[in-house]
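Written out below as C-alpha cells is the structure these notes cover.
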Amino acid sequence: MSLLTPDPGLVFWMSISFGIVLLILAKFAFPAIIKAVDKRTNYIEGSLKSAREANEELAKVKETGARILAEAHREQNAILKETARIKEEILQEAQLKASQETEKMIAEARKQINAEKDQVLRSIRSEVTIMSVNLTEKILREKLGNDKEQMNMIDRLLDEIEISKS
Amino acid sequence: MRQVLFLIVLFTFSIANYATGGENQDLNVSKTTVEEELNVKELILEHLADSYEWHLFNTKKNSVTIHLPVILYSKTSGWNIFLSSKLHNNDNNYKGFGIATEGKYKGKIVETSSSGEEVRPFDLSITKNAASLLLSSLILILIILGVSQSIKRDPLKPKKGFAGIMEMFIFMIVDEVIKPAIGEDYKRYSPYLLTLFFFIFFNNLLGLFPLFPGGANVTGNISVTLVLAIGTFLVINLTGSKKYYKDILWPDTPVWLKVPFPLMQIIELVGTLTKPFALMIRLFANIMAGHAIVLGLTSLVFVTVSLGSAINASMSVVSVIFTVFIDFVELLVAFIQAYVFTLLSSVFIGLAREEEPKNDKKELALEKLTEPVNHLEIKKEI
C-alpha cells in the first residue's frame, strides 16, 4: 500500500516546513505570548493583592476613625458633664456669695438703723429734757412766786432728804 | 499583503492551464457521466494519495489546475527540474520520466530505464501536499506572529477578538495539557508542543476546507505524521532524565532478564519506538479516514445516478445530510487529534523527565502493607 509508505520527498518538505515553523514560532511567537500573558497574570494578581491590601487598610482606617469618633464623643460627654457641674458650682457659689452679701448688707443696714435710732432717741430725749426743764422752770416760777411757798418747798425737800437718809 | 504576494509567486511557478484541462487524467467529477461508471475507490485513493498537480476546480469546459514543480534526481540524468504539466503530453513521458499508472509506484513519477524497468528516481518534487504544507506553514507563521505581536503590544490589556481566542487556545493547551503532564519544567517544552498543536490543528482544518488553499490530505499523509512523530521522539529522547535512560538500559528486573541476552533492553527500546509510532498512525489514520468518509458519502450522489432519478435524488439528500454531519464530526476530530497528539507528546515527555523517587519502591510497598496492620493494632489497644 503506497498510502502507508512514507515518501522521502514529502518527508523532506515536511521536515523543512515544520522545522521553519517550529524555529520561528518557538523562538519568536510562543515565548513572547506566554511571557506577555504571564506578565498580565502577575499584574492582575498584584493588582488584586494590592486592592485587597488597600481594602484592609481602609477597613483599618475606618475602624480607627470610628474609635477616634467614639473617643471624641465620650470626651465631649465628659466635658459637657464637667461644664454642667462647673456651672452648677458657679451658680451655687454665686448664690451663696449673693446671700452672704445680702446678709452683710442687711446687717449693715440694721446697724445703721440702730445707730440712727439711738441718735434720734438721744436727740428726742435731750429735746424732751430741755422741754421738761423749761416746763419745770415755768411751773416752778409760777408756783414759787412768793416766799412762803418757797420756804414750804424747801422744808419739804429737806424732809424728803432726811427720810431718804434715814 | 505578504500572503497575496506568496500566492502570486505560487501561481507563477505553476502555470494554471485552462487550455489543456480537457486532456487531464484527473478522475474528477465532470468525468462521471451515466455512460462511464465512477470508480469510487480510485477517486478516494487518488485524493488520499499525493499528486503532482493541484486541481482547483472545474469550469464547464476545463479543469483549473496548478501544476507544481517536479524536482528529481536520477542516477542516469542527474537533477531534473520541470513543471508537472510537461508530463501530460501525448505519451505521458518527459525526458524518460512518467507517472506510473500501475504497479508498486502507481501515481508516482518513475523513470523507465534502458532495460525497460521502472525505476523510482529520488523525488523531491513539490507535490500537492508539499505545496499545501509550505503554504499552510506560511499562513500559520503569519497568524501566530500576528497574534503574538498584538499581545506583545499591550500585554496588560486582555485581548478581544481573534487574538483573544488564540490566547485562550494557547493557554488552554498550556494550562490543561502541558503543565499537568510535564510539571514544573513545562516552560522549556511549551513552545515545541504549542507549535505541534497549532501545526496539526491548522493543517487538519485546512484539509477540511475543500477550496484552495485547503483540500489537501496533509495530516492524513503518513510522511507528515512521520516527521511529527520523529520530532516528538527526538524531544523525548534528547531531554530524558537519568532515570529514563537507566530504565531503558538497566531496568529494575531480575538480572537474568538483562544478561546475557538483553531481553528487557530490547523490550524497552521497542517501547520507546512504539510511542511515536502510535502517534504517527493515530493521526494519519484518523484524518485519512475522515477524508475517505467525506469523499465516499459525496460519491453516493454520483454512484446512484445509474439507479434512476428517484433513488438518485433521495440518495443525494441523504448524502448531503451525512456529509454535513461527518464534516462537523471531522471538525471535532481535527481538534481532538491535534489535542491528543499534543497531550500524548507532553505525557511522554513528562514520563521521560521523571526523576528517581526519593523512597525506594519496595519501601513504599512495605509501608503500604504495614499501615493497615498498625491501625488494627491501635484499635485493639483502644
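Since every read-out is calculated from the coordinates, none of them should be taken as a lab result. The structure displayed is predicted, hence computed values, not measured ones. Methodologically, a virtual Cβ is constructed for each residue, glycine included, from the backbone with ideal geometry; neighbour enumeration extends over all protein chains shown.
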Margin query: With a cut-off of 8 Å between alpha carbons and a minimum separation of six or more residues, what is the relative contact order of segment B:178-224 in percent?
Written below: 22
Notebook entry, point to check: By count of other Cβ within 10 Å, fewest leading, how are A:ASP147, B:ASP123 ordered?
Noted result: A:ASP147, B:ASP123
Checklist line | Two-site FRET efficiency, A:ALA94 against A:THR129, from Cβ-Cβ distance with R₀ of 41 Å, rounded to 0.05 | finding: 0.20
Check: Taking neighbour Cβ counts within 10 Å as the exposure measure, how do B:ILE126, B:ILE326, A:ILE113 sort from fewest upward?
Finding: A:ILE113, B:ILE326, B:ILE126
Note to self: What is the sum of charges, Lys and Arg at +1 and Asp and Glu at -1, for the other residues whose Cβ falls under 12 Å from the Cβ of A:GLU63?
What the structure shows: +1
Item checked: Net charge of neighbours whose Cβ lies under 11 Å from the Cβ of A:ALA115, counting Lys and Arg as +1 and Asp and Glu as -1 -> +1
Note to self: Using only the alpha-carbon atoms, how far is helix A:30-143 inclined from the longest principal axis of chain A? Give it as 0 to 90 degrees, nearest 10.
What the structure shows: 0
Item checked: Neighbouring partner chain Cβ atoms per residue of B:249-257, average, 10 Å criterion -> 0
Notebook entry, point to check: If each residue's Cβ is checked for other Cβ atoms within 10 Å, how do A:TRP13, B:TRP79 rank with the fewest at the top?
Noted result: B:TRP79, A:TRP13
Notebook entry, point to check: If the cut-off is 13 Å between C-alpha atoms, which aspartates and glutamates fall inside it for B:LYS159, apart from same-chain ones fewer than 8 positions away?
Noted result: B:GLU167
Check: Taking only C-alpha pairs under 8 Å that are 6+ residues apart, what is the relative contact order of segment B:69-125 in percent?
Finding: 34
Next item on the list: List, in the order given, every pair from A:LYS39/B:LYS160; B:LYS75/B:LYS95; B:LYS243/B:LYS275; A:LYS39/B:LYS187; B:LYS41/B:LYS61; B:LYS61/B:LYS86 whose Cα-Cα distance in the structure shown is over 23 Å.
Entry: B:LYS41/B:LYS61
Item checked: Listed peptides B:235-241, B:217-223, B:136-142, A:76-82 by packing density, highest first (mean Cβ within 10 Å) -> B:217-223, B:136-142, B:235-241, A:76-82
Item checked: Residue mean of other protein chain beta carbons inside 10 Å, B:193-204 -> 3
Notebook entry, point to check: Sorted by average packing, counted as other Cβ atoms within 10 angstrom per residue and highest first, what order do A:34-41, B:310-317, B:51-58, B:284-291 take?
Noted result: B:284-291, B:51-58, A:34-41, B:310-317
Next item on the list: For segment B:267-294 and segment A:76-135, write down the distance between their C-alpha centroids in whole Å.
Entry: 129
Next item on the list: List the residues of segment B:175-215 whose backbone N lies under 18 Å from a point placed 7 Å from the Cα of A:SER15 along the Cα-to-Cβ direction.
Entry: none
Check: Where a ≥ b ≥ c are the square roots of the eigenvalues of the C-alpha gyration tensor, would you call segment B:129-358 rounded, which needs a/c under 1.5, or, failing that, prolate if a/b is larger than b/c, or oblate?
Finding: oblate
Check: Cα gyration tensor of segment B:69-125, axes a ≥ b ≥ c as square roots of the eigenvalues: rounded (a/c below 1.5), prolate (a/b > b/c) or oblate?
Finding: rounded
Note to self: Quick check on packing: order A:116-127, B:263-274 by the mean number of other C-beta atoms within 10 Å, highest mean leading.
What the structure shows: B:263-274, A:116-127
Next item on the list: Express the relative contact order of segment B:129-358 as a whole percentage, based on alpha carbon pairs under 8 Å and six or more residues apart in sequence.
Entry: 29
Next item on the list: Over the whole of A:33-44, what's the average partner chain Cβ count within 10 Å per residue? Rounded to a whole number, please.
Entry: 6
